[in-house]
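The values are calculated or read from the model by the stated rules, or taken from the named source; none is laboratory data. Remember, it's a predicted structure, so these values are computed and weren't measured experimentally. Here Cβ is always computed from backbone atoms with ideal geometry, including for glycine, and neighbour counts include all displayed protein chains.
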Amino acid sequence: MHGTENPSAWLQRWAHLIAPGSNVLDVACGAGRHMRYLANLGHRVTGVDRNPEAVALAQACGPVTCADIENGPWPFAGLTFGGVIVTHYLWRPLLPTLVGSVAPGGVLIYETFAAGNESVGKPSRPDFLLQHGEMLRVTEGLRTVAYEEGFEASPDRFVQRIVAVRASATNTLERWPLRPA
């Protein structure tokens, strides 16, 4: 089941940018692998997923809302988070909402499949593959700290990843420390 694997290496590399003790939202959280990782770092985590079995597992890490965020209302309307985490999930109509859910000083960590993946496996439908530079365009209102796009092996896949932050109202020159890969 999605969400029982180890946490994403991308998330592990960049989670230090999330302010200590932040409220963090894990979108399409599956069984809660990222919720578990972030809770162990001291964050207050919330998840959302449409699979009731996954939600039941993820609830061990924090509150999880069972909701179909593609066909129903956004369950966190009006709320912002110090961290918004998304991996292996893409629903384009929700992208502006996800970006808007990043609080001032908050971080968006996003990683999913990109165009080209159809040549190596699933997902293969264009609806589920980011186009070249798409996350850079979607997050234009945020400051990009890290971005990757390309092919990686084992497993073979095309990916696009971004870490983007929203400047806080009091300090637009915040330092976002980089860590080696």
Scanning the stretch 1-35 residue by residue, those surrounded by 20 or more Cβ atoms within 10 Å (Cβ to Cβ), in a helix (DSSP H, G or I) and not aliphatic (A, V, I, L, M) turn out to be Trp10, Trp14, Arg33, His34
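Among the candidates Val120, Val102, which residue alone is β-branched (Val, Ile, Thr) and under 21 Å from His34 (Cβ atoms)? Lay out the reasoning, then the answer.
On the way: Val120 fails: under 21 Å from His34 (Cβ atoms).
The unique qualifying residue is Val102.
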Sole exception among (1) assigned to a loop (DSSP other than H, G, I, E, B); (2) without any contact (Cβ under 8 Å) to a residue 12 or more places away in the chain for Ala56, by number: (1)
For the stretch 36-84 the number of residues that are crowded, with 23+ Cβ neighbours inside 10 Å, farther than 23 Å from Val163 by Cβ and of a type in the set (D, E, K, R) is 0
For the stretch 128-181 the number of residues that are at pLDDT below 90, within 13 Å of Leu95 (Cα to Cα) and of a type outside the set (A, V, I, L, M) is 1
